[in-house]
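Have a look at the structure below, then the notes.
Nothing in this text is a laboratory measurement; each read-out follows from the coordinates by a stated rule. This is a predicted model, so every value here is computed, not measured. Neighbour counts are summed over all protein chains in view; Cβ atoms, including those assigned to glycine, are modelled from backbone coordinates with ideal geometry.
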Amino acid sequence: MGANIRELAIRYGFLLLLAVMLVYFSIATSGFASPQSAVFILQSVSITGILALGVTATMVVGGFDLSIGSVATTAMMASSYIMVILNGDALTAIAVCLLIGIVIGLVNGFLVVYMRVPDLLATLGMMFLLVGLQRIPTEGRSIATGMSLPDGSTATGSFSPAFLALGRHKFDFLLPNLVPVSVVVLIVLAILIWFFLEYTRFGRMMYAVGSNERAAELAGAPVNAYKMFAYVISGVFASIGGILLAARLGRGDIASGNNLLLDAVAAALIGFAVLGVAKPNAFGTAVGALFVGVLLQGLTMMNAPYYTQDFVKGAVLVIALVFTFALSERGKR
């Protein structure tokens with residue numbers, strides 16, 4: 001009997017906690033249960049969720065990517081630089097940002113796979129490199145229409161309306177102008193990466209590489225290629241997040257991506273506890289991002305001090321890890 005209760009707690013405890021939290025905030029705050037509030041929650045976690053899905057891909061092959069936040073910020077700054085300073089169009093800006101994500105992913109993968117640099121150290125080094133690199137062209141200034149350039153001139157370009165629509169346009173769904181583009185992008189990417197990892201041979205082989213790299217290699221799997229591809233996925237997803245962030249803000253703000261890394265990692269790790277799978281998975285990561293969004297939105301609507309939010313996120317992460325590792329290991333014994 002006790003073992004059955006423990007198994008149920010491991011599998012459904014976190015989803016039950018999410019349901020209880022939704023009910024509590026709906027009762028305790030007016031307007032929380034409205035469609036607008038639900039969409040706002042999704043919008044607030046959309047970029048974090050996209051980055052977290054990229055991190056999940058690297059975790060599937062037994063790696064980790066600490067550079068995602070800086071990749072997203074670099075993409076945001078690059079797209080802003082192309083349109084505002086170089087007078088480029090939206091398509092060029094998007095193409096360059098995606099190329100940046102691919103190149104950074106390849107470099108991270110090369111360092112980890114072929115140079116044998118531990119993934120945390122390789123991606124940490126990349127993070128610091130990008131933090132410095134993205135500030136050099138403008139001497140540490142944020143990029144906005146009409147800004148003064150280091151040479152004394154004024155930027156004459158502006159953000160393309162088509163580009164800004166990626167962050168500001170809303171689709172009609174039940175109500176007019178309800179669902180933002182970023183939410184649609186998150187849902188589409190989550191479904192794609194979930195299907196890819198769970199139902200394709202390539203995705204299952206990535207799990208095999210992360211579970212037992214040596215066994216996968218002996219079975220003839222191109223282990224290095226799978227690991228490289230995982231870091232490319234992470235880089236591209238981070239770039240997409242940076243593009244959406246630039247489109248939402250309408251500027252290249254060097255400080256806007258500061259919390260992206262921690263929030264994305266928290267969502268990915270919370271995903272381990274969803275349904276008790278105790279492994280990186282796209283569905284769990286999406287639920288983890290939603291969980292963090294619901295929690296922070298509820299606390300905000302209850303007028304909880306902003307400085308308590310990081311503490312609460314940390315507490316939730318600890319609880320998720322207890323569900324994932326301590327309870328599951330005890331169940332195995």
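Short version: what are the Cα gyration tensor semi-axes of the chain, square root of 5 times each eigenvalue, largest first, in whole Å?
Over the Cα atoms of the chain, the semi-axes work out to 33, 27, 17 Å.
Nothing charged except the Cβ atoms of Lys and Arg (+1) and of Asp and Glu (-1): what's the magnitude of the dipole of the chain about its Cα centre? Round to the nearest 20 debye.
So the dipole magnitude of the chain works out to roughly 620 debye.
Can you sort Leu129, Leu16, Leu66 so the residue with the fewest Cβ neighbours within 10 Å comes first?
With the sparsest Cβ surroundings first, the list reads Leu16, Leu129, Leu66.
Tell me the volume per residue, in Å³, of the convex hull enclosing the alpha carbons of the stretch 89-180.
152 Å³
Along the charge dipole of the chain, Cβ charges K/R +1 and D/E -1, which of Ala320, Val181, Phe196 sits furthest on the positive end?
My answer, from the dipole projection, is Ala320.
How much length, in nm to one decimal, is gained on full extension between Ala215 and Ser158, taken as 0.36 nm per residue of separation minus their Cα-Cα distance?
Stretched fully, the Ala215-Ser158 segment lengthens by 15.2 nm.
Mind sorting Lys279, Lys227, Lys170 by how few other Cβ atoms lie within 10 Å of their own Cβ, fewest first?
Least crowded to most crowded, the residues run Lys279, Lys170, Lys227.
For the peptides 160-167, 281-288, what is the packing order when you average, over each peptide's residues, the other Cβ atoms within 10 Å and list the highest mean first?
Top of the packing list down: 281-288, 160-167.
Using label points projected 7 Å from each Cα along Cα→Cβ, tell me how many nm separate Asn224 and Leu106, to one decimal.
Taking the two extended label points, one gets 1.5 nm.
Amide H of Phe173 versus every other amide H placed in the peptide plane: which residues, excluding those fewer than 5 positions away on the same chain, fall under 5 Å?
HN-HN under 5 Å from Phe173: Leu178, Val179.
Going by average Cβ neighbours within 10 Å, how do the peptides 32-44, 305-317 rank, with the highest at the top?
32-44, 305-317
Rank these for me by crowding, Thr92, Thr200, going from fewest to most other beta carbons within 10 Å.
Going from sparsest to densest Cβ surroundings: Thr200, Thr92.
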